[in-house]
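Student: The structure follows.
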Amino acid sequence: MPQRILTANREDAGARLDLFLTRTGLWPSRSFVQKIIADGGATIDRKVLKASYRLEEGDRITVSWEEPKPLAAEPEAIPLDILYEDADLIVVNKPRGMVVHPAAGNYRGTLVNALLDHCRDLSGIGGVIRPGIVHRLDKDTSGILVAAKNDYAHLHLAAQLKARTMKRVYQALVHGNPPESGRVEAPIGRDPVARKKMAVVANGKPAATNYRVVEYFPKFALLEARLESGRTHQIRVHLSHLGYPVVGDPLYGRKREIVPISGQALHAGTLGFIHPRSSEYLEFSKPVPDEMQNAIAWCRRYG
């Protein structure tokens, strides 16, 4: 059973226990923290605390919790748009609306389920839930992904990702007219208030995004964005932070969306990397899907 000991400082004095633990970002949500507390997992000198307990400076809180048991992903016969495949890896074009790997509420119909049925031999580094998965795309972001079939390929591709040598280019339709090109360098971390969201925060992880405008419309623009890092929701967070949110983005976009699209207009259109075994540079591109193309056409006509 995992265990952490946290010490409350002067700034924490008077805060509720559940809010204090949630703000640490060590657990996925406030509801997860509240379950830990309800199960008697938060103590001071073996005294079980309630969620409403008010902290005092110097409190040493011992937190113990049960890790959720991972579920093994099951193969499913789901069609794949395969761009390349060999004994080491597979490159696919993920449709918008497909989750990459199983998680709460999405144990079936994911890209991993489809890959397990097609490949049968994915790298085990990602565990039973994320076999072969080197990098991810959000559910409603379409585009190109590479998955590894063995651990050698997985480690090699992951090293390229970490070294920022893997080429990843996205197309994004945004509100407003940003400058012709720019670079956003702003740290990203969990939003301190809305825990399901990410945000630009002072104590976040370093993140950088480069962009250039491909086409302007009166009230919108089509951008090409290149990632230097790979933080959760990075492009969406950075563009929203600049004041040019992605069209159709349910988390970081406009509350009332006038463009006809059912999800964010973001597409991972190009992926390039060095093949782990042959050392050959491979690059793959895929045009934006029909719904996003229709949204772009709408902006040309009405935007």
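Student: So, in the range 52-73, how many residues would count as being modelled with pLDDT of 80 or more and either surrounded by 11 or more Cβ atoms within 10 Å (Cβ to Cβ) or under 24 Å from A103 (Cα atoms) (or both)?
Tutor: 15
Student: Out of (1) within 15 Å of the chain's Cα centre (by Cα); (2) without any contact (Cβ under 8 Å) to a residue 60 or more places away in the chain, what's the single condition that is false for T141?
Tutor: The failed condition is (2).
Student: Which ones in the range 9-51 are surrounded by 15 or more Cβ atoms within 10 Å (Cβ to Cβ) and among the acidic types (D, E)?
Tutor: D12, D18
Student: Pick out the one residue from R120, R108, R130 that is surrounded by 13 or more Cβ atoms within 10 Å (Cβ to Cβ), basic (K, R) and touching a residue at least 12 places away in the same chain (Cβ under 8 Å). Please lay out each step first, then the result.
Tutor: Numbers: R120 fails: surrounded by 13 or more Cβ atoms within 10 Å (Cβ to Cβ); R108 fails: surrounded by 13 or more Cβ atoms within 10 Å (Cβ to Cβ).
Criteria check complete, one pass: R130.
Student: Further, regarding this structure: Against the condition touching a helix residue (DSSP H, G or I) at 6+ places or on another chain (Cβ under 7 Å), basic (K, R) and either touching a residue at least 24 places away in the same chain (Cβ under 8 Å) or closer than 30 Å to G40 by Cβ (or both), how does R164 come out, does it pass?
Tutor: No; evaluated as a whole, the condition is false for this residue.
Results for (1) at pLDDT 95 or above; (2) out of contact with any strand residue (DSSP E or B) (no Cβ under 7 Å at 6 or more places or on another chain); (3) farther than 26 Å from L26 by Cα, shown as yes or no for each residue.
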| site | (1), (2), (3) |
| --- | --- |
| I144 | yes, no, yes |
| A148 | yes, no, yes |
| R168 | yes, no, yes |
| P178 | yes, no, yes |
| A186 | yes, no, no |
| R190 | no, no, no |
| F220 | yes, no, yes |
| L223 | yes, no, yes |
| S229 | no, no, no |
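Student: Just to be sure I understand, how many residues within the range 237-268 are without any contact (Cβ under 8 Å) to a residue 40 or more places away in the chain, under 24 Å from H135 (Cα atoms) and either touching a Phe, Trp or Tyr at 6+ places or on another chain (Cβ under 8 Å) or outside the structural domain of Y170 (by TED's automatic domain parsing) (or both)?
Tutor: Qualifying residue count, the range 237-268: 1.
Student: Take the residues of the range 245-254 that are under 15 Å from I296 (Cβ atoms) and touching a strand residue (DSSP E or B) at 6+ places or on another chain (Cβ under 6 Å): which is surrounded by the fewest Cβ atoms within 10 Å (Cβ to Cβ)? Walk me through it before giving the result.
Tutor: Residues of the range 245-254 that are under 15 Å from I296 (Cβ atoms), as a first pass: 246-248.
The next check asks that each one be touching a strand residue (DSSP E or B) at 6+ places or on another chain (Cβ under 6 Å); those that pass are 246-247.
On the way: V246: 27, V247: 29.
Within the range 245-254, the match that is surrounded by the fewest Cβ atoms within 10 Å (Cβ to Cβ) is V246.
Student: Within the bounds of the range 221-228, is there any residue that is in a helix (DSSP H, G or I) and more than 28 Å from A153 (Cβ to Cβ)?
Tutor: Within the range 221-228, the subset in a helix (DSSP H, G or I) is none.
The answer is no; no qualifying residue exists.
Student: Pick out the one residue from V213, V193 that is touching a Leu at 6+ places or on another chain (Cβ under 7 Å), surrounded by fewer than 19 Cβ atoms within 10 Å (Cβ to Cβ) and outside the structural domain of I90 (by TED's automatic domain parsing).
Tutor: Step by step, each of V213, V193 is checked, and only V213 is touching a Leu at 6+ places or on another chain (Cβ under 7 Å), surrounded by fewer than 19 Cβ atoms within 10 Å (Cβ to Cβ) and outside the structural domain of I90 (by TED's automatic domain parsing).
Student: Identify the residue in the range 234-244 that is within 20 Å of R195 (Cβ to Cβ) and buried (at least 20 other Cβ atoms within 10 Å of the Cβ) and, among all such residues, is nearest to the chain's Cα centre (by Cα).
Tutor: The extreme case among them is Q234.
Student: For the range 123-215, which strands (runs of 3 or more DSSP E) that fit wholly inside it have 2 or more residues that are farther than 21 Å from R108 by Cα and small (G, A, S)?
Tutor: Hits in the range 123-215: 181-185.
Student: Moving to a separate point now. In the list D59, D88, D12, which residue meets the criterion of being closer than 28 Å to M198 by Cβ, in contact (Cβ under 8 Å) with a residue 12 or more places away in the chain and of a type in the set (D, E)?
Tutor: The unique qualifying residue is D12.
Student: Looking at the range 231-252, can you tell me whether even one residue there is among the hydrophobic types (A, V, I, L, M, F, W, C), within 18 Å of I144 (Cα to Cα) and assigned to a loop (DSSP other than H, G, I, E, B)? First the steps, then the outcome.
Tutor: As a first pass, look at the range 231-252 and keep what is among the hydrophobic types (A, V, I, L, M, F, W, C): 235, 237, 239, 242, 246-247, 251.
Within this subset, residues satisfying the condition of being within 18 Å of I144 (Cα to Cα) are 235.
Subsequent filtering for residues that are assigned to a loop (DSSP other than H, G, I, E, B) retains none.
For the range 231-252, residues among the hydrophobic types (A, V, I, L, M, F, W, C), within 18 Å of I144 (Cα to Cα) and assigned to a loop (DSSP other than H, G, I, E, B): absent.
Student: A further question follows. If you scan the range 258-284, which residues turn out to be part of a loop (DSSP other than H, G, I, E, B) and buried (at least 18 other Cβ atoms within 10 Å of the Cβ)?
Tutor: V259, I261, G263, Q264, A265, P276 - these are the residues of the range 258-284 that are part of a loop (DSSP other than H, G, I, E, B) and buried (at least 18 other Cβ atoms within 10 Å of the Cβ).
Student: Cβ-Cβ under 7 Å, sequence separation 6+ or interchain: first residue in the range 171-183 and under 11 Å from L223 (Cβ atoms), partner surrounded by 18 or more Cβ atoms within 10 Å (Cβ to Cβ) and among the polar types (S, T, N, Q). Which pairs?
Tutor: none
The values are calculated or read from the model by the stated rules, or taken from the named source; none is laboratory data. Here the structure is a predicted model, which means the values were calculated and not measured. Ideal geometry is used to build each Cβ from the backbone, glycine not excepted, and the neighbour counts take in all protein chains shown.
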